[in-house]
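The values are calculated or read from the model by the stated rules, or taken from the named source; none is laboratory data. This structure is a prediction, so every number in the text was calculated from the model and none was measured. Cβ coordinates were reconstructed from backbone atoms using ideal geometry, including for glycine residues, and neighbour counts include every protein chain displayed. We work out accessible area using only protein heavy atoms, side chains counted, and drop any ligands, DNA or RNA first. Shrake-Rupley method; radii C 1.70, N 1.55, O 1.52, S 1.80 Å.
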Amino acid sequence: MKSLKKVSIFGVTGSIGQSTADLILSDFERFDVCVVSAARSVDKLAEMAISLKAEIAVIADHSLLPRLEELLVNHDIKAMGGEQGLLDAASVPVDITVAAIVGMAGLKPLMVSIENSKAVAIANKEPLVSAGALVLKAAKEAGCKILPVDSEHNAIFQVFDPENMQHIKQIVLTASGGPFREWSREKMSVATVEQAMAHPNWSMGAKISVDSASMMNKALEIIEAYYLFEIEADKINVIIHPQSVAHSMVEYADGSYLAQMGASDMRTPIAYALAWPDRMQTCGERLDITALSKLEFHAPDCERFPALSRAYEVLEKGSWACIALNAANEVAVEAFLKKKIGFLDIMKVIDFVLESCDAKEIDSLEAVILYDEACRDIASNYIQAGLKSKVG
Ligand code: NDP
Ligand code: MG
């Protein structure tokens with residue numbers, strides 16, 4: 001008899017979290033759910049904890065713990081709350097943790113999960129952007145396998161041969177181009193939140209949808225790839241592929257391109273990570289290869305989407321600049337979603353923060369967190385001052 005795979009899901013109420021839950025429920029005999037967590041969606045968390053038969057449910061907003069306890073009163077599920085609750089839950093040993101919190105809020109739970117999980121399936125890209133070297137080092141030391149969930153990195157992981165690293169010419173991240181792929185800068189300057197959220201191919205959480213519209217998502221993914229695959233920045237390239245069928249590819253020295261293809265459904269990469277090193281049947285959409293009339297690939301436009309150039313610039317500068325880029329983007333996207341700034345102002349905030357903060361050696365988790373907070377302060381002050389102030 002096969003033993004059950006014990007799995008924790010941080011960020012279970014989000015887009016990735018729910019897709020993970022779908023997969024687990026579709027093959028329930030294979031998994032044993034340990035932890036599920038959310039920030040504030042307490043009713044949804046309780047409902048998912050019950051249907052997944054989880055052992056522990058954690059609500060990050062501590063003030064909602066009494067409500068969670070009330071919802072779970074007749075169930076054998078332990079309710080926990082607050083940041084400490086998240087960290088305590090992440091310290092329960094499991095076979096695999098799915099890291100699906102959005103933003104840097106996921107960093108500390110991720111680091112604890114790495115210590116206590118045999119494998120961590122990472123969707124939560126922001127901690128990799130800001131602390132990639134530390135995350136990878138911790139995983140190596142703990143003997144924890146890092147499994148990329150982001151569709152591009154998952155695709156590359158499936159065709160990347162680390163034994164033949166010297167023969168890898170480049171990795172190519174595909175990008176749909178997002179909802180503004182053909183928009184002028186002028187049109188983008190008056191883009192609404194609803195327009196930015198309307199991704200043509202993927203259904204995702206609010207923050208990553210806006211990141212896809214600005215192509216900051218692809219910028220974050222360049223940095224994510226740099227750390228995950230320990231490859232030079234000049235071997236990471238981006239190509240626009242509007243159909244989102246080839247999820248990324250590796251070019252080898254002999255001229256072979258190996259790509260992974262599939263439907264635009266995150267359940268495929270999540271299933272790959274959940275089942276690794278095995279495979280599992282998914283309940284997700286499947287690619288109808290006979291219905292594909294064309295696959296287009298063309299070069300990205302870095303003038304209309306300057307985020308792409310910033311990725312290479314910050315990698316050149318060092319990890320402090322990657323932290324600054326990510327922190328400023330998180331603050332700016334939140335402000336855009338709350339309609340405090342315009343769409344193109346997101347990049348303005350990022351550039352202001354990059355110009356305002358000082359180069360610094362970052363070699364510990366504490367240093368990452370402090371630097372990230374300082375950059376967020378600069379970004380928030382700049383936004384509050386109507387994008388007019390000098391250094392905040
Ligand atoms: P969502 O916004 O849909 O979900 C985020 C999850 O994190 C929710 O469960 C949310 O809880 C929880 N959360 C939010 N803030 C906090 C916090 N401060 N502390 C603890 N938990 C928190 O995001 P997505 O699922 O879209 O994305 C998750 C991550 O995966 C992101 O880093 C994204 O870039 C990455 N990713 C997502 C893809 C996708 O298709 N969606 C594709 C590739 C990568 P609550 O519901 O209570 O707010
Ligand atoms: Mg992606």
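On the given criteria, is LYS169 open to solvent by 30 Å² or more (accessible area, probe 1.4 Å), at pLDDT 95 or above and in a strand (DSSP E or B)?
For LYS169, the condition - open to solvent by 30 Å² or more (accessible area, probe 1.4 Å), at pLDDT 95 or above and in a strand (DSSP E or B) - is met.
Quick one: in the range 120-149, which of the residues that are touching a Phe, Trp or Tyr at 6+ places or on another chain (Cβ under 7 Å) and part of a strand (DSSP E or B) is farthest from GLU224 (Cα to Cα)?
LEU147
Being over 21 Å from LEU344 (Cβ atoms) and either surrounded by 24 or more Cβ atoms within 10 Å (Cβ to Cβ) or more than 12 Å from ligand 2 (Cβ to nearest atom) (or both) is true for just one of ALA196, ALA206, ALA225. Which residue is that?
ALA225 is the lone residue from the list that is over 21 Å from LEU344 (Cβ atoms) and either surrounded by 24 or more Cβ atoms within 10 Å (Cβ to Cβ) or more than 12 Å from ligand 2 (Cβ to nearest atom) (or both).
Out of the residues in the range 132-151 that are open to solvent by 20 Å² or more (accessible area, probe 1.4 Å) and charged (D, E, K, R), state the one that is nearest to ligand 2 (Cβ to nearest atom).
Looking at residues that are open to solvent by 20 Å² or more (accessible area, probe 1.4 Å) and charged (D, E, K, R), I get LYS145.
In the range 127-156, what count of residues is obtained for those that are in contact (Cβ under 8 Å) with a residue 60 or more places away in the chain and more than 12 Å from ligand 1 (Cβ to nearest atom)?
Selection size over the range 127-156: 10.
Would you mind listing the helices (runs of 4 or more DSSP H) fully within the range 30-117 where at least 2 residues are over 30 Å from LEU370 (Cβ atoms) and open to solvent by less than 60 Å² (accessible area, probe 1.4 Å)?
42-51, 65-71
State which residue is farthest from ligand 1 (Cβ to nearest atom) when the search covers only the range 72-87 and only residues that are within 22 Å of ASP32 (Cβ to Cβ) and touching a residue at least 24 places away in the same chain (Cβ under 8 Å).
HIS75
For the range 248-259, state whether one or more residues are under 30 Å from VAL349 (Cα atoms) and modelled with pLDDT of 95 or more.
Scanning the range 248-259 turns up at least one residue that is under 30 Å from VAL349 (Cα atoms) and modelled with pLDDT of 95 or more.
Checking the conditions here, which among ASP363, ASP358 is surrounded by fewer than 19 Cβ atoms within 10 Å (Cβ to Cβ), over 20 Å from ALA105 (Cα atoms) and among the acidic types (Asp, Glu)?
The conditions single out ASP358.
Looking at the range 98-113, can you tell me whether even one residue there is away from ligand 1 (no atom under 12 Å from the Cβ), in contact with a strand residue (DSSP E or B) (Cβ under 6 Å, 6 or more places away or on another chain) and among the small types (Gly, Ala, Ser)?
The answer is yes, given that some residue of the range 98-113 is away from ligand 1 (no atom under 12 Å from the Cβ), in contact with a strand residue (DSSP E or B) (Cβ under 6 Å, 6 or more places away or on another chain) and among the small types (Gly, Ala, Ser).
One line per residue, one yes/no per condition, for (1) open to solvent by less than 50 Å² (accessible area, probe 1.4 Å); (2) in contact (Cβ under 8 Å) with a residue 12 or more places away in the chain:
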| site | (1), (2) |
| --- | --- |
| GLU232 | no, no |
| VAL238 | yes, yes |
| MET261 | no, yes |
| MET266 | yes, yes |
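Which members of the range 276-302 meet the condition of being among the small types (Gly, Ala, Ser), more than 14 Å from ALA175 (Cα to Cα) and touching a residue at least 12 places away in the same chain (Cβ under 8 Å)?
Passing the criteria: only GLY284.
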